[in-house]
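Scroll down for the structure; my scribbles are underneath it.
The values are calculated or read from the model by the stated rules, or taken from the named source; none is laboratory data. All figures in this text were calculated on a predicted structure; none of them were measured in a lab. Quick reminder, even Gly has a Cβ in these numbers, built from the backbone with ideal geometry, and neighbours come from all protein chains shown.
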Ligand SMILES: Cc1cc2nc3c(=O)[nH]c(=O)nc-3n(C[C@H](O)[C@H](O)[C@H](O)COP(=O)(O)OP(=O)(O)OC[C@H]3O[C@@H](n4cnc5c(N)ncnc54)[C@H](O)[C@@H]3O)c2cc1C
Ligand code: SF4
């Protein structure tokens, strides 16, 4: 038996103390952790169950900001009327993620921390080489099956896609993650692989996500999450875009725009080049499509994922055009 | 196995209960409430757990195994390796051919595919076995593998002469035809992907072996176990009360089955072994990857002059699987000249196997896309094209169709779909940014026939028990056999309980090839008829019978009550009558075999497929037919294809239960949607290993991918196909769906995708 000890934390302090132990892992909804334990990827020596900590699942939304407790369930947040009203992209990103059963179980804190779906990462018995799992061991994906792998933010060490949806909407709207002692921009919280593929987040031993904070804005109020995938439900993005739009009073000119990409990058990927190109411009299909192409600056494909380079700008453009139509 | 509570299932109308009635599945309530106990849920005293260790290379030798760490791990009872597992005898194949090798080792020293079982750990608990299996260290001498059909080392393969079908001079007629099309169509390795995993529980008591294992063929698998262990066939009991999906994959005892049964024997304790999800992709074969070229020559009116067809399917290095690719090609359309040939290519994979409509399914993908290409080339409507070339008789066997309601299917499907409103040009129909395409295709499946037997018992309380070693994997055997017995005997269906899935019951052959319903309704009809004859004979002759004095020459049983057909004399319930004559039960065994059949022939009939009756036996060619009409929406930016409408008209002959037949048709259509758009076993070419062997990465359709599906039955009773007039249901509808979708995608986009699945990158 792979033995581990189980510890139920009843306060954030207790969780933090326990999380500092070597080999300790937090358990929230368990939908990532238990899955990875079954694959032989996660082998915690201590499992710290934080799902019973009180007060960590609150969802507090005003026009100014949304504060979402780390233990709030995905389905709960997706259905929150104020989230739907004031941050539609966040709600849409959540309800298009995973399945109803998973969303009922999974927490938003755990959601940010979900691991890549790279098939080589998930199969240590057959593919020992994986820099993310075993630093320095190499990357089994490069030269292999890469249809789902990233084209942006990749390195020679790792080309694994960050698979989540929620975080894409969060980086578009400058959300922050609350780690207790520290608050970080979600955009900075996620790390591109570089030479250290094993480091995916700026989180230190003993730190626990307690909440996510999203500043309110006109762009967040008029936002959407467009997810393109092989099947209609229960599937990770081939490419996705979180977009927010604020127009001038003429109803045509872009005052503020936020664009982030999912399914194509090693981390949730904000694309400021597209935002800059469109700010101050009239919302015209040709202009939007041209600007959207800028998102692919620096894209590198590995064969089978080449289609993502063509697909992602179209997803951005369609999301922007959709928001424009709902004027 | 299970006596169902029929009261939940029986519905308002008495018609429901008769053969042809829309009775709901009698096993439904048990399944929904969790009361249905599947084979692997058996709880046994002293049960141990086995976990397999699979090869991490695709080709080579196991040079060494270090199992010391595993052996000393907590709870471990044994580590079996190729050297330590007990020796088994070679078992005959499913045709009854004896094994070429006298012995059989289910753990491999020579590795021919990634994931092949090379060791197994048995422990007190499942968790202990999993942990210890990870400690088994294996060294290999790896050799280069041939990973798939496109591997440079694969070559042209082995010609399978038995697959050659030729008449006329196809090549010359093709060369001379004024209009010609020729294209290559590929289907990938696909998997049955049943929800219930493969696995078994094996228990020995002396020389008697009991196996709880989901099975599409109890008698065939029992034979294999008996031969492996050198015990009499009667000593092996297989129990498989329900099956959580088989789709062709659960008809044979496989290597992992042998490992578990051997471990149980060696340890003297019952062993449970269940394949984990990735192992379900490597421990038995899915549908072989196929390649076909179809060349059609026609005159300018669209009349086909020649079809030249070449096919290839992959098979294993150490096993043969032929996926008959010319099966639909050779019968769907009338043509004066025809040639079909097939090769198989050995690659490093587990031996491919049967998946719903093996042969017909990929065959139809080739010919039904090609005919659409020809129609487009000629500017003829695809439906019209099919009518122009309608085969009035079996063009290959040159025999009359027993029944062929395909013209009716075309008409009914087209009408319900609104096909006449189709605008012929590709890319001419759209809704905003969605391109809309309408496509169609035909499908067919042969009527495979065999024999079966059944026991029908009339009990003292008037209830009826039907027993058979056939199985229900969701297709509705429990239900239709209850309906057949109820109607034949004249008793209410809730008085009938059907017991299936135990090899000690009356025998049955394989549940595959859509044959079971036709075979088993025939056997139950016979057995119930015999029981009824005996009941009436007793009523007329037994001195204690109140009917004896009637001097009638017959009586009738209706609603479980016996009375004279002339309405005179007494009326008794079966229970009252049994009490009057002092009988505990009346039992009849009926089978569909000729009376002269010997015991050996019977054994061969139920434990091999050698005795199947050809569908072209005698004067007739027997097939089910269908026509699918499909609407797709393709996003012009994203290339995503969604099926938005399906209308299918199908000829399965007489339906024993239309509700269940419709469910099976819809299931086939849904599976076909998955095949067209999603399913593909993706191989890492460096390692020869499937990398998407799990249900998150091996894409199957979700509810959101499935539109409303309308099915229309156009069948008529076919007396040449089965005792009660039905033809095959289970496999038919998956034939022709993928080409209908591919044709619709062409109509939507103007792009012809000839490689399945049609994923978005092929369209952007
Ligand atoms: C089949 C499948 C399909 C899926 N599809 C999608 C999809 O389409 N889109 C998508 O976005 N997601 C998808 N997911 C991922 C799913 O959303 C995540 O598994 C889920 O959100 C994780 O949340 P959890 O609470 O269950 O996390 P857990 O499994 O409990 O934890 C996950 C990780 O986060 C850490 N963790 C948890 N809480 C905290 C905290 N408060 N502070 C610090 N660390 C923490 C844990 O230690 C662990 O390492 C899918 C998952 C599956 C299994
Ligand atoms: S892409 Fe990253 S996660 Fe995948 S095998 Fe390479 S290093 Fe590991």
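Which of the helices (runs of 4 or more DSSP H) found entirely inside the range A:61-132 contain at least 1 residues meeting this: within 14 Å of residue A:169 (Cα to Cα) and free of Cβ contacts under 8 Å to residues at least 12 places away in the same chain?
On the way: elements: A:74-79, A:81-86, A:88-95, A:100-105, A:108-112.
Result: A:81-86.
Just so you know, in the range B:671-711 the residues that are part of a strand (DSSP E or B) and under 22 Å from the mean Cα position of the chain (by Cα) include one that is farthest from the other protein chains (Cβ to nearest Cβ), and it is B:711.
For the range B:638-667, a residue qualifies if it is crowded, with 22+ Cβ neighbours inside 10 Å, more than 14 Å from chain A (Cβ to nearest Cβ) and assigned to a strand (DSSP E or B), and the qualifying residues are B:646, B:647, B:648, B:649, B:650, B:651, B:653.
Restricting attention to the range A:236-248 and to residues that are assigned to a loop (DSSP other than H, G, I, E, B), out of contact with any helix residue (DSSP H, G or I) (no Cβ under 7 Å at 6 or more places or on another chain) and in contact (Cβ under 8 Å) with a residue 24 or more places away in the chain, the residue that is nearest to the other protein chains (Cβ to nearest Cβ) turns out to be A:236. Could you tell me whether residue A:89 is farther than 16 Å from residue A:209 by Cβ and within 16 Å of ligand 1 (Cβ to nearest atom)? When the stated conditions are applied, residue A:89 passes them. Which of the residues that make up the range A:50-67 are more than 30 Å from residue A:221 (Cα to Cα) and either within 16 Å of ligand 2 (Cβ to nearest atom) or in contact with a helix residue (DSSP H, G or I) (Cβ under 9 Å, 6 or more places away or on another chain) (or both)? Hits for the range A:50-67 are A:50, A:53. For the range A:184-209, the candidate set comprises residues that are farther than 29 Å from residue A:151 by Cβ and in contact with a helix residue (DSSP H, G or I) (Cβ under 6 Å, 6 or more places away or on another chain); within that set, the residue that is surrounded by the most Cβ atoms within 10 Å (Cβ to Cβ) is A:208.
Among the residues of the range B:624-637, some residue qualifies, meaning at least one is part of a loop (DSSP other than H, G, I, E, B) and within 12 Å of chain A (Cβ to nearest Cβ). When the residues of the range A:216-235 are filtered to those that are in a loop (DSSP other than H, G, I, E, B) and over 21 Å from residue A:160 (Cβ atoms), the one that is nearest to ligand 2 (Cβ to nearest atom) is A:231. I'd like to know if the range A:99-107 contains one or more residues that are within 14 Å of another protein chain (Cβ to nearest Cβ) and within 16 Å of ligand 2 (Cβ to nearest atom). No - not one qualifying residue is present in the range A:99-107. Going through (1) surrounded by fewer than 24 Cβ atoms within 10 Å (Cβ to Cβ); (2) out of contact with any helix residue (DSSP H, G or I) (no Cβ under 8 Å at 6 or more places or on another chain); (3) not in a helix (DSSP H, G or I) one by one, residue B:266 falls short only on (3).
Within the range A:56-66, the set of residues being surrounded by fewer than 17 Cβ atoms within 10 Å (Cβ to Cβ) and in contact with a strand residue (DSSP E or B) (Cβ under 6 Å, 6 or more places away or on another chain) comprises A:58, A:60. When B:273, B:238 are screened for being outside the structural domain of residue B:755 (by TED's automatic domain parsing), part of a strand (DSSP E or B) and more than 26 Å from residue B:692 (Cα to Cα), only B:238 passes. Scanning the range A:20-41 for residues that are at pLDDT 95 or above and away from chain B (no Cβ under 14 Å) yields a count of 8.
Being farther than 24 Å from residue A:176 by Cβ, surrounded by 19 or more Cβ atoms within 10 Å (Cβ to Cβ) and touching a residue at least 24 places away in the same chain (Cβ under 8 Å) is the requirement here; does residue A:24 meet it? Answer is yes for this residue. Scanning the range B:496-514 for residues that are crowded, with 24+ Cβ neighbours inside 10 Å and outside any loop (DSSP other than H, G, I, E, B) returns B:496, B:498, B:508.
One residue stands out among those in the range A:131-147 that are facing chain B (nearest Cβ under 9 Å) and buried (at least 24 other Cβ atoms within 10 Å of the Cβ): the one that is nearest to ligand 2 (Cβ to nearest atom), which is A:140. For the range B:176-191, the criterion of being in a helix (DSSP H, G or I) and either more than 29 Å from the chain's Cα centre (by Cα) or crowded, with 17+ Cβ neighbours inside 10 Å (or both) is satisfied by at least one residue. Looking across the range A:275-294, the residues that are in a helix (DSSP H, G or I) and either surrounded by fewer than 17 Cβ atoms within 10 Å (Cβ to Cβ) or away from every other protein chain (no Cβ under 14 Å) (or both) come down to A:275, A:276, A:277, A:278, A:285, A:286, A:287, A:290, A:291, A:294.
Within the range A:113-130, the residues that satisfy the criterion of being at the interface with chain B (Cβ under 9 Å from one of its Cβ atoms) and within 14 Å of ligand 1 (Cβ to nearest atom) are A:117, A:119, A:122. Considering (1) more than 16 Å from ligand 2 (Cβ to nearest atom); (2) on the phi > 0 side of the Ramachandran plot, the lone condition that residue A:31 does not fulfil carries the number (2). If you check A:213, A:181 for being surrounded by fewer than 24 Cβ atoms within 10 Å (Cβ to Cβ), away from chain B (no Cβ under 14 Å), within 15 Å of ligand 1 (Cβ to nearest atom) and not in a loop (DSSP other than H, G, I, E, B), only one passes: A:213. Being in contact with a helix residue (DSSP H, G or I) (Cβ under 7 Å, 6 or more places away or on another chain), surrounded by fewer than 23 Cβ atoms within 10 Å (Cβ to Cβ) and at pLDDT 95 or above holds for only one residue in B:302, B:220, and it is B:302.
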